[in-house]
């Protein structure tokens, strides 16, 4: 299979060297969503970069705002949602940066980004494709729109893409309906659709959650392969730490609309500084753990967004919470290294938390 | 065991959320229902109509059969306030009398409002004696002419000089009760067949579903007409009433059966039903203690929405003259008088019972819709 | 597709058989056999039936045989000879009386169905897309009102308004000059002039119902992930709306024919009586009232056949449009 030409040379995967200007730079992004009960601050001031050719994982429980963050990058919020503050700078092919938040969400400019520069694959491969159109009917118009190809060339491109994502007999299957594919195959079709116009950023919103474990692994392998070939940047949204370990270069942990910890995957797994990150890591079952060890669960529930705790959002559930500090003062973001942030008053004292969180 | 598995809400949850999580299903439904202003208002309209139907003898100024030949097709009299009669006495409410003249050319009687004649109208007026709820003898009416010998036609009079308002109020009893009784029968059939269909599945389900498909695919009115026409004409009115209800229910159960079956099918696979089964509960117990309570709210909504179609069906049949017949008074029977364009141009107020039909059906539809929306409290 | 069509056809044939049994039942329901009432009617008119013609009729309808033989005689007559029996009220074969009126019923129902769709579809789409706009509220309220007003009441009210304020008589489908005239272009034009009011009256209920169906269906679809996918691929809102969610929501909409058509035919019966339309309604009613059972039974049979076939057509249409049905 012939890899499609890369738009520009990319730094090799896995090297520590980071491109000087990130593909996307998000600064102090705030998203509000109106509900029957009032405004929810779904994303509450997040700052992060998506580096070129690398994978950033956003990890969090449901309701942490990770999906909304992903959609905000395409300015694709539900009708009740709006970007309240912050900026999302996307550096286009011509090197000029566009602030996505400033674009009309229904306008021509953002629409020429969607699908062409930034693509999305979502959680439910079963529902992400129209049930009454064939795969070809859904792929070909998108290719024609963004790449300006003739119908024939667009069809050839669609077949090529289906082949690349590992769908057998792609030319025949172009005329099939989504329900004629299995879940894993359908997610492959979604990936083909998302990558058909050679985007530079892929937002993958829990793409493997609805799939069984084997299929999950296949899809992740496929994404990594496509990333190597195309120099794609991936924003991978998940709650599954196992997946994070496998695919991430960088990790951002979200809790109640805020990024509580950010760092490379090695840093997050080897030296977690935020109590929430530690608790998450401890709640993952491990091979080789003794028979008698209990799987740790984070006590309590995610607070209602209307009823945020005073001080640090996490303190009611935190084992290391300090009375008089954590329940009254917002810790703010503490930068402890290059691209390494922690939202905790104890961020600089790994020992203190380490000791407190034992047991 | 039970205290370990009982779902508990963690301490950290805010009081409001805690109340939400622990509120009973019905409290939640009612709370959501009340947010539907229109549905909530309709609840009171519906209750009001049923109350009027129950106390028809008291609410109506006259009995449905009392007539006054002098006022054939007498037009409605407007209820006015604060008027002085010939004796110089001021009344809070009154109606003007009518002067009648006979037009020998058109062979028509014309009524002219006589501003000078003031007939007082009072609450708790003394009138024809009756038995309230069939038990308590009384002779007071909620509203009526101060002088029982004077006519008072607030909604006009019909061909025989009977009060359309009183007849509409009495008609509510038959029309609204047909809805209730008919839906009760439909509900019984629907629960039985829908439940059997959904619970057992397989070929039984297939047979019941085919029956429903069949019944739904034939136009109801012609079938009803055919069946209703076969009801002997000389039958006792009460029996005719029952027959008509049964005929209407023969079709009406299908929708309810669909709802029941659908809920049964989706519930069958729910964890708590499986748990009850694994615990060794008997089939009866699983159905009645575990499955039925969890879909009563949906049933209540469907039932509420089924009542208006029953009312409309009865109205249509009686209107055509093959449902209920005089001397029974229902809204359809009353509307039959308005069938000819001649009668209609003379006395358009004969359509007034139609307004009652529309209000009742509208209120029941709003109510049913509100209940249905509220029925999924966690949605 | 072929398997699906075959299965539907078999179902339809079964339904048709069941429908004919029900129609026959209606014929049989009135107490006593119809010959008794027939000869009674004859006697009323001063004549009397000789025993010869009585036995001839008895033989023809198999009246001394069990019911299934009678049913067979009746249905085979219809199927093989187009013989629907005799109308005793009119002293004519049923088929002579029925076809004209039945044809107009089909015409009226068909036009009403088309109008219902043409009106309900755009309004339903608008109502769903601009949910909670003031126009949506107006439409929703009018929809409720349309569902609550029985069509005959609407017909009565309109007839009153037209005769009282415009001095127009709006009943019937033809002007007096054309009632008995043979079919001609002028007569068709006259029919068109008279048709709009019955169509308006009859379509009110269905339109109200279908707007609600379309609105609910489309609202269900509007927030589905595939719409999000299309949006994420840069499609514009209008293009996206009609290409995806409207297209998907159309399918359940088509399957509504299954219950809209029976309702429509039912409504047409009552309304036709009120507006004295020369359709099946008034004749069916008078036949039922006079216990002219072969005429009544034939109408009930043919009206049911009409809706069953209408449902079949909608099923096939749905299969053609929706691959999930086709391949199921």
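Quick look at the numbers
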quantity: Centroid-to-centroid separation of segment B:224-250 and segment A:162-230 [C-alpha atoms, Å]; calculated: 64
quantity: Which of C:207, A:277 has the fewest Cβ neighbours within 10 Å, and the rest in rising order; calculated: A:277, C:207
quantity: Normalised alpha carbon radius of gyration of segment B:32-184 [divisor 2.2 N^0.38 Å]; calculated: 1.23
quantity: Acute angle (nearest 10 degrees) that the helix A:135-147 long axis makes with the longest principal axis of chain A, alpha-carbon atoms; calculated: 90
quantity: Spacing of the two label points (7 Å from each Cα toward its C-beta) at residue C:99 and residue A:269, in nm; calculated: 8.4
quantity: Antiparallel bridges, percent of DSSP beta bridges restricted to the protein assembly as shown (to nearest 5); calculated: 75
quantity: Dimensions in Å of chain A - Rg and Dmax from alpha carbons; calculated: 21.1, 69
quantity: Rounded to 5, the percent of DSSP beta bridges in segment A:184-301 classed as antiparallel; calculated: 55
quantity: Kirkwood Rh, Cα atoms: Rg over Rh of segment C:262-325; calculated: 1.16
quantity: Burial ordering of B:91, A:274, fewest other beta-carbon atoms within 10 Å first; calculated: B:91, A:274
quantity: Rg and Dmax [Cα atoms of segment A:57-183; Å; Rg one decimal, Dmax integer]; calculated: 16.9, 48
quantity: Label point distance in nm, residue B:342-residue B:188, each placed 7 Å from Cα along Cα→Cβ; calculated: 4.5
quantity: Nearest 10 degrees, 0 to 90: helix B:220-229 Cα axis against chain B principal axis; calculated: 60
quantity: Per-residue Cβ neighbour rank within 10 angstrom, fewest leading, A:328, C:163; calculated: A:328, C:163
quantity: Chain B - percent relative contact order, Cα under 8 Å, separation 6 or more; calculated: 20
quantity: Over the protein assembly as shown: helical MRE at 222 nm, DSSP H runs n ≥ 4 each giving -39500 (n - 2.57), nearest 500; calculated: -17500 deg cm²/dmol
quantity: Between helix B:25-35 and chain B: long-axis angle, C-alpha atoms, 0 to 90°, nearest 10; calculated: 40
quantity: FRET efficiency, residue C:134 to residue A:80 (Cβ-Cβ, R0 22 Å, nearest 0.05); calculated: 0.70
quantity: Efficiency of FRET between residue A:106 and residue A:319 - r from beta-carbon atoms, R0 56 angstrom, step 0.05; calculated: 0.75
quantity: Most to least packed among B:192-200, B:216-224, B:121-129 [average Cβ atoms within 10 Å]; calculated: B:216-224, B:192-200, B:121-129
quantity: R0 of 60 Å, Cβ-Cβ distance residue C:179-residue B:285: FRET efficiency to nearest 0.05; calculated: 0.35
quantity: Relative contact order of segment C:69-120, defined on C-alpha pairs under 8 angstrom at six or more residues apart (%); calculated: 17
quantity: Cα centroid of segment B:107-163 to Cα centroid of segment C:147-214, whole Å; calculated: 38
quantity: Segment B:74-155: C-alpha gyration tensor shape, a/c 1.5 cut-off, then a/b vs b/c; calculated: oblate
quantity: Sequence-separation-based contact order of chain A, relative, with Cα cut under 8 Å and 6+ spacing, percent; calculated: 18
quantity: Inter-chain Cβ neighbour average for residues B:361-368, partner chain, 10 Å; calculated: 3
quantity: Over chain C: Kirkwood hydrodynamic radius from C-alpha pairwise inverse distances, Å; calculated: 22.8
quantity: Separation between Cα centres of segment A:302-338 and segment A:59-119, rounded to whole Å; calculated: 28
quantity: Residue A:150 paired with residue B:275, simple spin-label distance in nm, labels 7 Å along Cα-to-beta-carbon; calculated: 6.4
quantity: For segment B:104-152: rounded, prolate or oblate by the Cα gyration tensor [a/c cutoff 1.5]; calculated: oblate
quantity: Three-way shape call for the protein assembly as shown based on the alpha-carbon gyration tensor, with the a/c threshold at 1.5; calculated: prolate
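Taken together, the values in this text are just the output of simple stated rules run on the coordinates, not laboratory data. It should be emphasised that the depicted structure is a prediction, and the values quoted were computed from it without experimental measurement. Don't worry about glycine lacking a Cβ; one is built from the backbone with ideal geometry, like all the others, and counts go over all protein chains shown.
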